[in-house]
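These notes concern the structure reproduced below.
Please treat every number below as a calculation from the coordinates, not as lab data. A quick note: this is a predicted structure, and the numbers were derived from the prediction, not measured. Virtual Cβ from ideal backbone geometry, glycine too; neighbours counted across all protein chains shown.
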Amino acid sequence: MDLGIKGKVALVAASSKGIGKAIAFALADEGVNLSIFSRSKDEIERTASEIRTHFTVDALASAADVTSKEQVDQVIETTVQTFGGIDILINNAGGPPFGFFDDFESPDWQNALELNLLSGIYLAKKVVPLMKKRNWGRIVNITSIAVKQPIDGLILSNTSRAGLIGFSKTLSNELAKHNILVNNICPGRIYTDRIKTLAEKRAAQSGIEYEKAIEEMEKDIPLRRIGTPEELAALACFLASEKASYMTGTTIQVDGGLLRGLF
Ligand SMILES: NC(=O)c1ccc[n+]([C@@H]2O[C@H](COP(=O)([O-])OP(=O)(O)OC[C@H]3O[C@@H](n4cnc5c(N)ncnc54)[C@H](OP(=O)(O)O)[C@@H]3O)[C@@H](O)[C@H]2O)c1
């Protein structure tokens with residue numbers, strides 16, 4: 001299926017590896033030109049080089065932290081200079097530390113809000129005027145299944161991501177008249193470095209092998225396996241496309257059935 005976005009420009013945040021990288025690849029496969037960024041210059045340049053090797057699109061790489069307004073401003077300025085605008089924003093970031101209420105103090109809460117809530121709001125603030133000029137836009141926020149079912153031991157994530165859902169639902173209503181669509185994707189368990197770290201922690205805490213910890217994580221997933229970044233990227237790419245033209249304000253999990261609720 002041709003998703004109808006060949007030649008468009010996507011800004012993909014936090015995309016040197018994992019879910020962000022898989023989304024960048026999926027968009028490149030659709031002929032979308034890319035501006036990608038993450039904190040590590042070497043890693044993001046390596047990813048851009050892989051994209052240029054495998055696909056016939058342009059890939060601009062920048063080293064920037066999503067929580068730094070100055071660095072994000074610089075990325076957007078360079079993207080606009082290079083491509084003339086931005087049509088698609090994939091709002092992604094790293095995840096906050098694992099832990100419980102007693103583990104964290106005020107700076108930890110501030111950092112989590114900056115990483116998983118305020119960064120997304122700032123990116124939207126900068127990109128929406130560019131989308132309005134073209135009367136076309138797609139914003140896809142990568143959040144977590146935690147927004148539908150809070151996860152034990154991830155209190156920072158559970159709290160900061162909930163705010164992004166309220167923000168993006170409101171934004172979707174405000175921007176619909178400009179043909180700018182805003183949707184959220186909730187990863188369940190997707191096999192990236194983040195899930196590997198979680199499995200290593202669980203293995204160390206319980207005195208079991210890493211493989212056993214992964215098996216434990218797969219047990220309560222109805223599909224009985226951890227998902228791949230590509231399986232999540234397929235939905236992100238669709239929501240970023242022309243084909244998703246009647247979808248806005250949604251929050252969809254990609255979780256192999258892990259969520260036990262109705263919505
Ligand atoms: N994987 C899962 O099962 C799962 C489940 C639920 C939610 N999520 C969430 O989905 C998002 C992506 O997860 P992932 O599994 O793909 O993680 P990952 O494999 O650890 O990759 C994270 C990516 O984000 C970049 N990054 C991290 N902090 C950044 C920052 N402050 N500014 C710019 N880039 C930053 C990293 O590159 P640099 O280090 O170079 O910056 C890397 O490219 C995270 O918010 C995660 O919590 C993931």
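Net length available on complete extension from Leu262 to Glu215 is 14.4 nm, with 0.36 nm assigned per residue and the Cα-Cα distance removed. In degrees, nearest 10, range 0 to 90: what is the angle between the Cα axis of helix 210-219 and the longest Cα principal axis of the chain? Compared with the principal axis, the helix lies near 80 degrees.
Compared with the dominant principal axis of the Cα atoms in the chain, helix 41-54 is inclined by about 60°.
Give the range of the longest stretch in the chain that excludes all GluC sites (Glu not before Pro) found in loop regions by DSSP and having at most 15 other beta-carbon atoms within 10 Å.
Values: sites that count: Glu105, Glu209.
No qualifying site falls inside 1-104, the longest such stretch.
Could you tell me which of the pairs Lys8/Lys219; Lys69/Lys243; Lys6/Lys196; Lys41/Lys126; Lys133/Lys196 are separated by over 30 angstrom between their Cα atoms in the structure shown? Going by Cα-Cα distance, Lys8/Lys219; Lys69/Lys243; Lys6/Lys196; Lys133/Lys196 fall outside the 30 Å limit.
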